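Here's the structure, in C-alpha cells; my notes come after.
The values are calculated or read from the model by the stated rules, or taken from the named source; none is laboratory data. What you see is a predicted model; the values in this text were computed from it and never measured. Positions of Cβ are generated from backbone atoms using ideal geometry, with glycine treated the same way; all protein chains shown enter the neighbour counts.
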Amino acid sequence: MNEVLYITGHKNPDTDSICAAIAYAEFKNKTGTLKAIPVRLGDINRETRFILDYFNVETPKLIETVKVQVSDLNIDTVAPVAPDISLKMAWNIMKKNNTKTLPVVDENDFLVGVATITNLFSSFMDIWDNNILSKSHTKLENILDTLSAKYVYIHDENINLSGKIVTAAMQPDSTEAIVEKGDIVICGDREDTQDAVIRCGASLIIITGNHTASEDIIEKAKTASCSIISTPYDSFTASRLITQSIPISYVMNKDNIVSFRTEDFVDDIRDVMLETRYRSYPVIDKLNKVIGTISRYHLISQNRKKVILVDHNERTQSVHGLEDAEVLEIIDHHRIADIQTGNPIYFRNEPVGSTSTIIASIFFENGIRPSKKIAGLLCAAIISDTLLFKSPTSTNVDKLMLKRLAEIADLDVENFAREMFKAGTSLNGRTVDEIFHQDFKVFTLNNLKIGISQISTMDLEGFADMKNDMISLMEKKSVENSFNLLVFMLTDILKGGSELLVVGKDKELVARAFNVKLNGHSIYVPGVLSRKKQVIPPITSAITSLK
C-alpha cells in the first residue's frame, strides 16, 4: 500500500472542515514521514469556493470511502503481453519476473485473455498434431525467435504457414513421399534432400546445425516461393522447440476471465478468490487498461488506510468505511461523540470557535510558521465558524490566532469577511435541496436520530419564497430516512438570530428546548447563532427531561 495519510473533515463539508484539512496536511508534511493528503467527503459550498479561489488553493480530492481497495495494494506490475508472442517468450517473461500469470491485451491494452504457467506446461506435455503451426496461425518471426534462427532466403515475411511440420531425416525419395505443398520441413545440410523438399512445394525449410543453403538451392527456392532459415540447433532440438513458437493466444484462457478493478474493495475480491483459486488475477484501471496482477499474498499483506479526522468525531458525520481504517488523530472543537479506535491516538478537543484555531495553535506550538496561503485559509475558517466573533462559540484564543494569522497572510480581516459572507450567503439560483445539504449533520441523541442543517445569510427575507418547498423536502427526508427530528437553521448574520424550521414526529422537542410555541413548522430565536453551542445542548436537555 502507498504510505499515504488522508486528512478529512466531515460530510457536507463547511469552510472550517475543508480549510482545517488542507492546513493540517501542510503541517504533517513538514513534520511527519507519511505523505499527507487533504480530502473532502462532499461538494464544497460557495463560501469555501470563494476562499479557495481567493488564496489560489486547489480543492481537496473527493473520496467516498476509506475501505481498502485494490488501488491501495502493492500489486504486481508485470506489463501485459500481446496475444501473438510465442510460448517460449511468455515462459521467459514469467521466469524473469517470477510470476505465474500473464495478462494478455489487444492493441488498445484491453484484456483479452490470461496466460498461466499451467497453460504453458500443458502445451509442452500435450502431443500436438503436426498441423499445429497452421491451426495456431503462428508467425514466421515467432519461429525465428524460438529457434534462434536467421534468414537465408525469405519469400514473404508474412508467410501463411498452412502445412504440417515434417522432419526430413531420410532419403530424398522417402522425403518426397511425405512432404506436401505448404509444409514446414526441418532438415540437415544434404542438398539433395533440400532440393526434394523444394520440388514438393514446401513453404519453409528449416536447416539445422547452423548450416546454410547453396546458391543453387536458394535460386530454386526463389523460383518455388519457398523460404529458408537456419537454426543452430540440431534436428531433434529444433523439432522439440518449434511448437514453442505457437502464439500465446492459442493456449491462453479466453472465457470467464476473473479480473478485478482498481476501485474494487478488498473484502469483496477476497470472496471471489476463495471461490476461484487462481494464482493471480489481472487488475484493470478506470480506463479499462490492464495495470498488473494481484494474488492472495497481496491480501495477506494489506494495511489499512491511515486517516486523521478534523472538525468532527461523530461516526455518522465521518467517511464511509471508517471502521476499516486506522484513525491516527482527531482534531476537533465539538462535543465528544462515538468514534472508537483500536489503539490510543492523539485526540485534541478544545472549546474554541473553530477547528482551524486549534490547527493554528499546533503550528505555533511547534515553532512552525504556516505558509501565507495556509495562514489565509485558517483566517477564513475562523471568521466563518465564529461569524467574525458574533457567535457565542467565539473565544479569546480565536481572536488571538486570527490576529497572528492575518499578519502572516497580509489580510484585511474586515474587508475580507464582508466579501466572503457576501459570496457565501447568496441564495440566488440555488435549489432547496442544495441549501439544505450545504451544511447538514446527523446526531444520535439518547437513541433519537436528529438531523440539523444550518446556513448563514445576510438576507433572511430572501428565503421567504422557498420556505414551503424546504418544509416539504424536510418532511420527505424525515420519513424516508427515519429521522425523529429534522431542523433547518437559517441564521441571519446581520440581525444575529436564526429561524428554525422543524419537522418530524418529535418536533415539539424544539419548542420545549427553547420554551416557545411552534408557529406551524417555524420559530425565530434571537441570539441563536451556533448549532453546536446553542441548539444541540438545549435539545439534548429537552430529550433528557422527558425521561
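Checking the conditions here, which among Asp255, Asp271 is among the charged types (D, E, K, R), free of Cβ contacts under 8 Å to residues at least 12 places away in the same chain and not in a helix (DSSP H, G or I)?
Matching residue, one of Asp255, Asp271: Asp255.
Answer with yes or no whether Lys30 is out of contact with any Ser or Thr (no Cβ under 9 Å at 6 or more places or on another chain) and either of a type in the set (Gly, Ala, Ser) or surrounded by fewer than 20 Cβ atoms within 10 Å (Cβ to Cβ) (or both).
When the stated conditions are applied, Lys30 passes them.
To keep it simple, each residue is scored yes or no on (1) assigned to a loop (DSSP other than H, G, I, E, B); (2) not assigned by TED's automatic domain parsing to the domain that holds Leu309.
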| residue | (1), (2) |
| --- | --- |
| Thr59 | yes, no |
| Asn74 | yes, yes |
| Val78 | yes, yes |
| Pro83 | yes, yes |
| Met89 | no, yes |
| Ile93 | no, yes |
| Thr99 | yes, yes |
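Considering only residues of the range 175-231 that are of a type in the set (Gly, Ala, Ser) and in contact (Cβ under 8 Å) with a residue 60 or more places away in the chain, which is farthest from Thr138 (Cα to Cα)?
Among those residues, the one meeting the criterion is Ala213.
Identify, please: which residue in the range 75-96 is exposed (fewer than 14 other Cβ atoms within 10 Å of the Cβ) and without any contact (Cβ under 8 Å) to a residue 60 or more places away in the chain and is, among those, nearest to Tyr281 (Cα to Cα)?
It comes out as Ala79.
With the requirement that a residue be at positive phi and either modelled with pLDDT under 90 or in the same structural domain as Ala337 (by TED's automatic domain parsing) (or both), what does the range 501-537 give you?
Residue satisfying the conditions is Gly520 alone.
Looking only at the range 380-403, how many residues end up being farther than 12 Å from Gly353 by Cα and either at pLDDT below 95 or buried (at least 19 other Cβ atoms within 10 Å of the Cβ) (or both)?
1
Go through Asn29, Asn45, Asn56, Asn12 for me and flag whichever is touching a strand residue (DSSP E or B) at 6+ places or on another chain (Cβ under 6 Å), touching a residue at least 60 places away in the same chain (Cβ under 8 Å) and of a type in the set (S, T, N, Q).
Exactly one of Asn29, Asn45, Asn56, Asn12 is touching a strand residue (DSSP E or B) at 6+ places or on another chain (Cβ under 6 Å), touching a residue at least 60 places away in the same chain (Cβ under 8 Å) and of a type in the set (S, T, N, Q), namely Asn12.
Within the group Ile374, Ile368, Ile362, which residue is on the phi < 0 side of the Ramachandran plot and surrounded by fewer than 16 Cβ atoms within 10 Å (Cβ to Cβ)?
After ruling out the rest, the residue left standing is Ile368.
Identify the single condition in (1) charged (D, E, K, R); (2) at pLDDT below 90; (3) under 30 Å from Lys305 (Cβ atoms) that Lys61 does not satisfy, given that it satisfies every other one.
Looking at each condition in turn, Lys61 falls short on (2).
Could you figure out which of (1) in a loop (DSSP other than H, G, I, E, B); (2) within 19 Å of Lys135 (Cα to Cα); (3) in contact with a Ser or Thr (Cβ under 8 Å, 6 or more places away or on another chain); (4) not hydrophobic (A, V, I, L, M, F, W, C) isn't true of Pro232?
(2)
Does Leu427 fit the bill of being more than 30 Å from Thr544 (Cα to Cα), in contact with a Ser or Thr (Cβ under 7 Å, 6 or more places away or on another chain) and not polar (S, T, N, Q)?
For Leu427, the condition - more than 30 Å from Thr544 (Cα to Cα), in contact with a Ser or Thr (Cβ under 7 Å, 6 or more places away or on another chain) and not polar (S, T, N, Q) - is met.
Restricting the range 288-345 to residues that are closer than 30 Å to Ile257 by Cβ and of a type in the set (A, V, I, L, M, F, W, C), which is surrounded by the most Cβ atoms within 10 Å (Cβ to Cβ)?
It comes out as Ile294.
When you look at Asn142, is it surrounded by 18 or more Cβ atoms within 10 Å (Cβ to Cβ) and in contact (Cβ under 8 Å) with a residue 12 or more places away in the chain, yes or no?
yes
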